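Written out below as structure tokens is the structure these notes cover.
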Amino acid sequence: MLYGAECWPTKRRHVQQLSVAEMRMLRWFCGHTRRDRVRNEVIRDRVGWHQLSTQHRLRWFGHIQRRPPEAPVRNGVLERVDNVKRGRGRPKLTWDESAKRDLKDWNISEEIALDRSAWRLAINVPEL
């Protein structure tokens, strides 16, 4: 039996909807509208904002990496069941695959996740 988020695919539609809502709030925060034709990258740089969904996914990845190996959430997310046949066509993007892609995009190694303060600095989460 699978535990954790691996059994549910990350739907691109949901990620896109989060991204659109996020940009709408950032534009409102800066005082711009879509009619001003200011690029998203410019607004993100001005505010100093990264993609929220990516940052949350990496925070959860660090949490899972610090759990003991016998924890159910770690067994379900990090171990893949090989005897399950996936359907035809393009395979669905799982949480595990998207987290690995985010690590590669941000140039972060998995070993940093074991040190909580270094991990928070690497993914730009402010200390509390």
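Is it true that Trp119 is surrounded by 15 or more Cβ atoms within 10 Å (Cβ to Cβ) and within 13 Å of the chain's Cα centre (by Cα)? Break it down stepwise before answering.
On the way: surrounded by 15 or more Cβ atoms within 10 Å (Cβ to Cβ): yes; within 13 Å of the chain's Cα centre (by Cα): no.
Against the criterion (surrounded by 15 or more Cβ atoms within 10 Å (Cβ to Cβ) and within 13 Å of the chain's Cα centre (by Cα)), Trp119 does not qualify.
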Asn75 vs. criteria more than 13 Å from the chain's Cα centre (by Cα), at pLDDT 85 or above and either not assigned by TED's automatic domain parsing to the domain that holds Gln16 or not in a loop (DSSP other than H, G, I, E, B) (or both): no
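Being in contact with a helix residue (DSSP H, G or I) (Cβ under 7 Å, 6 or more places away or on another chain), modelled with pLDDT under 80 and under 30 Å from Trp28 (Cβ atoms) is the requirement here; does Ser98 meet it?
Working: in contact with a helix residue (DSSP H, G or I) (Cβ under 7 Å, 6 or more places away or on another chain): yes; modelled with pLDDT under 80: no; under 30 Å from Trp28 (Cβ atoms): yes.
Considered against the rule, which asks whether it is in contact with a helix residue (DSSP H, G or I) (Cβ under 7 Å, 6 or more places away or on another chain), modelled with pLDDT under 80 and under 30 Å from Trp28 (Cβ atoms), Ser98 comes out as no.
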Members of the stretch 1-41 that are modelled with pLDDT of 80 or more, in a loop (DSSP other than H, G, I, E, B) and in contact with a Lys or Arg (Cβ under 8 Å, 6 or more places away or on another chain): Thr33, Val38
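The values are calculated or read from the model by the stated rules, or taken from the named source; none is laboratory data. Since we're looking at a predicted model, the values are computed, not measured. Here the Cβ is made from the backbone with ideal geometry for all residues, glycine too, and neighbour counts use every protein chain on show.
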